[in-house]
Structure formats: structure tokens, C-alpha cells
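What follows is a single structure, written as C-alpha cells, with notes after it.
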Amino acid sequence: MNLSQNIKRLRKSHGYTQKDLASILKVKPTSISAWESGRNKPLMDKITIMSNLFGVSTSELVGDTFYKNDINDIYNQLNPDRQQNVYNYAENQLKEQNNTIVRMPRTQIKLLGAVSAGTGEELQDDTTEVDYTGTVPEYDYALQVNGDSMEPLFTDQQIIFVKYSEEAFNGQIVIAYVDGKAYVKKYHCNEAKCELVSLNSKYGPIDVSGNENFKIKGVVVL
């Protein structure tokens, strides 16, 4: 439905006369009539007031979207043969949609073991080839995340891609060694202290200030 049809339908469904709506919007009743007939269109401030009044979004009011109930109402008014036609058409549309979904190709990536989002992991010396479906950025090595301390950014068992670096800016997600264990954390450092921060509030930061066994081994790129 377009804007004029939506104004008329929503006004009536909420029990307002054209005069009632005009009073709320501080316009003349003839303006409401002109909007509903399509002869004229309301300004954006009036559209915003009406969307709040009718409990719909502005896009629904202006006709950028449609109500599912509109389809149901029309469908229920059709005779059985025409209802079957509608069903067949909708089924074909769904099949076409599913057939046009872009499926990401499988590719092989070099996986260098796991990295902890919790208590620390030991990285392997050798990489293994694994199948991966998705976007692969330019990277030096890939790791599997173990744990949930970096949720919602990274979930348990997710594969992440890393560019090798021994330095990082504040706020970057890094692969860091602490006392021989590898972590994926958010790097935060200032004059007071340096920390490896978890994104999951259940886990506290790891203080690496002055720790000679702390090293950055990469920055996560995806």
C-alpha cells in the first residue's frame, strides 16, 4: 500500500475521523482528505507524528514496507482456485530465492592450532590444512578460538585470521604470549598499566605490566 492508502486505513482502524486527525496534526480536514486521495502529501514532521500515533514505523506508513496481514486479508478473500494459484506462485518464488543464494566456496587454510579466549593455549610449530567456508583475508596464520571470553566478537571454536606483528595499537585484538601461553585478547596499554582485556564481562583482564614473558605475536584481521 502507498502513503495515501495507509493513512486512510490506519486512521479508520484507530477510530479517527478526518476531523479528529486534522485536530491532532493541527491542519485543516481538507488536508487529510487531500492526503488520503493522493492529491497532496504530508510533510515529514506530520508523517512522524502519525507513525507514533498509529504505532507503526515511518517506512511502513509511507509504504516502503507492507504488512503481512495485508496479504492474509487478500488471500482469505480469494476463492479456493485462486488461493492455490497464490500458493503455487509463492512456492516458486521461494525456490528461486533459495537457488540464488550465494554459497561461499570452500577453501583450504593453514591452521596453527588453537588460541585461548580463557586460560591459555600452546601453539603448534607446524600448520595443518583445513577446509574453510567464508571470506579469507590476507593473513599469515589462522587459529581456532577456544573459550567464550571474547564473545560476542569471537565464539568458541571460531577460526580467526592473524597478521604477524610484535606491536599493536590500543584497542586492537591481538594474539599474545604470556608465560608461554597464547591468548586472543583486546590490547590496552597506558602509562599506568598494560592489560589483555576480555570482551565477555565474566572474565577479568590479564595484567601484563612489566611482564618480561609477555609478547605480542600478531593482530587479528578477521
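Laboratory data are not the source of any read-out in this text; all were calculated from the coordinates shown. Bear in mind that the values here come from a model prediction, so they are computed numbers and not experimental data. As a convention, Cβ positions derive from the backbone with ideal geometry for all residues, glycine included, and neighbour counts pool all protein chains shown.
Could you tell me the number of lysine pairs in region 3-99 with C-alpha atoms less than 30 Å from each other, where the two lysines are 8 or more residues apart or belong to different chains?
The number of close lysine pairs in region 3-99 is 22.
Estimate the FRET efficiency between Val136 and Leu199 by the formula 1/(1 + (r/R0)^6), using the beta-carbon distance for r and 35 Å for R0, to the nearest 0.05.
My answer for the efficiency is 0.90.
Suppose R0 equals 30 Å; then what is the FRET efficiency for Asn40 and Ile74 from their Cβ-Cβ distance, rounded to the nearest 0.05?
Here the calculated transfer efficiency is 0.65.
Which lysines, on any chain, are close to Lys186 with Cα under 16 Å apart, when same-chain ones fewer than 8 places away are left out?
Excluding near neighbours in sequence, the set is Lys163, Lys202, Lys215, Lys217.
Please turn the phi angles of region 55-61 into ³J(HN,Hα) values with the Karplus equation 6.51 cos²θ - 1.76 cosθ + 1.60 (θ = phi - 60°), one per residue in order, whole Hz, x for glycine and proline.
x, 10, 6, 5, 5, 5, 5
Report, by chain and number, residues whose modeled amide H sits under 5 Å from the one on Lys217, excluding near sequence neighbours (fewer than 5 apart, same chain).
Ile175, Ala176, Tyr177
List, in order, the whole-Hz ³J(HN,Hα) value for each residue of region 47-54 obtained from phi through the Karplus relation with A = 6.51, B = -1.76, C = 1.60 and θ = phi - 60°; use x for Gly and Pro.
Couplings: 5, 4, 5, 5, 5, 5, 5, 8 Hz.
Along the three principal axes, how long is region 3-99 when you take its alpha carbons, biggest first, rounded to the nearest angstrom?
On the principal axes, region 3-99 reaches 49, 29, 24 Å in Cα extent.
From the phi of every residue in region 196-207, what ³J(HN,Hα) in whole Hz does the Karplus formula 6.51 cos²θ - 1.76 cosθ + 1.60 yield, where θ is phi - 60° and glycine or proline is x?
9, 10, 7, 8, 7, 5, 6, 10, x, x, 9, 7
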